[in-house]
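The values are calculated or read from the model by the stated rules, or taken from the named source; none is laboratory data. Bear in mind that the values here come from a model prediction, so they are computed numbers and not experimental data. Quick reminder, even Gly has a Cβ in these numbers, built from the backbone with ideal geometry, and neighbours come from all protein chains shown.
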Amino acid sequence: MHDLAPITAFGLAEPILYATQSCQLTERPDVALASVAARLGVEEACRSVIADLLGADAPDPSVWLASDIYSAFWMGPDQWMFSADFSNVEDIAARLKTSFGETASITEQTDGWVAFDLTGEVEAVLELVCNVDMRTRSAGYASRVSIHHTGCFLLIEASDRARVYAPRAFAGSVFHGISQAMSSAATR
């Protein structure tokens, strides 16, 4: 028997948090991730499964969709990233493999990425830290962005909520970049 305890991307027992008067940045270690890639010749069948899981057509570029259990965004042609809270679906890859069968290749991504939730006055912060014009974006927007010289995914959940997925190995760098932008935005 092992005496193991889960740790965050920062090697801590509890998620890291940074707050200013107008924003809060929170690490979310309770998010399960898996990539879905449609297999050649059965792309439409794969899209049909996605529609069943999300209650809407498979996300196109720049689109993020959420259902009661899953959320997903487009990563490339016939490729999507799915997420779910651990409380609903901790073993996301196994569950998605059951749903997709032979229509898609599913790859566990949970330990490869770190999720950060940014709440509050996110527009000013995100415009300082990445290449997205927030005035032209609304809820449901998803994009690949560069934050602190690191390729990340940005999801806009609402005008005051965004989620950033960063490679786990760069968690500290991305957290630092966003927290510095928060501090700069707060002094404007």
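General remarks:
- Selection within the stretch 120-150 - out of contact with any Phe, Trp or Tyr (no Cβ under 9 Å at 6 or more places or on another chain) and not aliphatic (A, V, I, L, M): Gly120, Glu121, Glu123, Glu127, Cys130, Asn131, Asp133, Arg135, Thr136, Arg137, Ser138, Ser146
- Members of the stretch 97-119 found to be in contact with a helix residue (DSSP H, G or I) (Cβ under 9 Å, 6 or more places away or on another chain) and either in a helix (DSSP H, G or I) or at positive phi (or both), listed by number: Ser99, Phe100, Gly101, Glu102, Thr103, Thr110, Asp111, Gly112
- Scanning the stretch 69-91 for residues that are among the hydrophobic types (A, V, I, L, M, F, W, C) and either assigned to a loop (DSSP other than H, G, I, E, B) or more than 21 Å from Asp57 (Cβ to Cβ) (or both) returns Ile69, Phe86, Val89.
- Of all the criteria given as (1) in contact with a strand residue (DSSP E or B) (Cβ under 6 Å, 6 or more places away or on another chain); (2) free of Cβ contacts under 8 Å to residues at least 40 places away in the same chain; (3) not in a loop (DSSP other than H, G, I, E, B), the one not satisfied by Ala51 is (1).
- Qualifying residue in the stretch 120-133 (condition: within 19 Å of Ala19 (Cβ to Cβ), at pLDDT 95 or above and within 13 Å of the chain's Cα centre (by Cα)): no
- Residue within the stretch 61-76 that is surrounded by 18 or more Cβ atoms within 10 Å (Cβ to Cβ) and on the phi > 0 side of the Ramachandran plot present: no
- Test: residue in the stretch 61-83 that is out of contact with any Gly (no Cβ under 7 Å at 6 or more places or on another chain), closer than 27 Å to Leu128 by Cα and among the acidic types (Asp, Glu): no
- Of all positions in the stretch 163-185, none carries a residue that is out of contact with any His (no Cβ under 8 Å at 6 or more places or on another chain), surrounded by fewer than 18 Cβ atoms within 10 Å (Cβ to Cβ) and part of a loop (DSSP other than H, G, I, E, B).
- Within the stretch 9-26, tally of residues that are assigned to a loop (DSSP other than H, G, I, E, B) and surrounded by fewer than 17 Cβ atoms within 10 Å (Cβ to Cβ): 7
- Restricting Ala45, Ala56, Ala32, Ala94 to residues that are over 26 Å from Phe175 (Cβ atoms), small (Gly, Ala, Ser) and touching a helix residue (DSSP H, G or I) at 6+ places or on another chain (Cβ under 7 Å) narrows the list to Ala45.
- Residue within the stretch 145-153 that is touching a residue at least 12 places away in the same chain (Cβ under 8 Å), polar (S, T, N, Q) and in a strand (DSSP E or B) present: yes
- Residue within the stretch 57-71 that is under 18 Å from Arg39 (Cβ atoms) and touching a Lys or Arg at 6+ places or on another chain (Cβ under 6 Å) present: yes
- Qualifying positions in the stretch 134-162 - surrounded by fewer than 18 Cβ atoms within 10 Å (Cβ to Cβ) and under 17 Å from the mean Cα position of the chain (by Cα): Ser138, Ala139, Gly140, Arg144, Val145, Ser146, Thr150, Gly151, Ala158, Ser159, Asp160, Arg161
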